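The following block contains the structure, expressed as structure tokens.
Derivation of every value follows stated rules applied to the coordinates shown; laboratory data play no part. Because the structure is predicted, anything quoted here is derived from the model rather than measured. Positions of Cβ are generated from backbone atoms using ideal geometry, with glycine treated the same way; all protein chains shown enter the neighbour counts.
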Amino acid sequence: MPALTEPQTWTVIGAVIALMFGMLTIVSTLFIRVLRAEISGVRGEIGGLRGELRGEIGGLRREMIGRFDAVDEKFVAVDARFDAVNSRFDAVNMRFDSVNTKIEGLDRDVRALVKRTFGLDRGE
């Protein structure tokens, strides 16, 4: 191999450095392009998952609303039953009141008969 002069050596060193910077620029540019492409792909997948998740949440919301409506209807039916029971209790209370009134009348009549028959005054 022939010996290089000093200007030739510096020229070779400059050329090698220029080639290295060129390769570094090309590699970094390609890496940035690939990275951007992958990031946009991930963004697309996230957008798809976002839409899918919104659909699932919407379905769940509709299902829960349906179930809550069914529970509300059952509560309405239970309230109607309680109202019917309350009206029956009111009727029973009215019967007890009429029986109580009749018993008070009978008690008054029995006291009057005892007083008249035996001449006694009991319990007044």
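Taking the Cα centre of the chain as origin, sum charge times position over the Cβ atoms of Lys and Arg (+1) and Asp and Glu (-1), and report the length of that vector in debye to the nearest 20.
Here the chain has a charge dipole of around 300 debye.
Now for a separate question. Output the direction-averaged projected area (hull surface divided by four) of the convex hull of the alpha-carbon atoms of the chain, in nm².
For the chain, averaging the hull's shadow over all directions gives 21.4 nm².
A follow-up question, please. On a 0 to 90 degree scale, rounded to 10, what angle separates helix 6-118 from the longest Cα axis of the chain?
0
Charges only on Cβ, +1 for Lys and Arg, -1 for Asp and Glu: so what's the dipole of the range 68-115 about the Cα centre, in debye to the nearest 20?
560
Another one. Summing -39500 (n - 2.57) over the DSSP H runs of n ≥ 4 in the chain and dividing by its residue number, what mean residue ellipticity at 222 nm do you reach, to the nearest 500 deg cm²/dmol?
So the helix-based figure for the chain works out to -35000 deg cm²/dmol.
A follow-up question, please. If I stretch the segment between Arg62 and Ala15 completely, what's the gain in nm (0.36 nm per residue apart, minus their alpha carbon distance), one decimal?
9.9 nm
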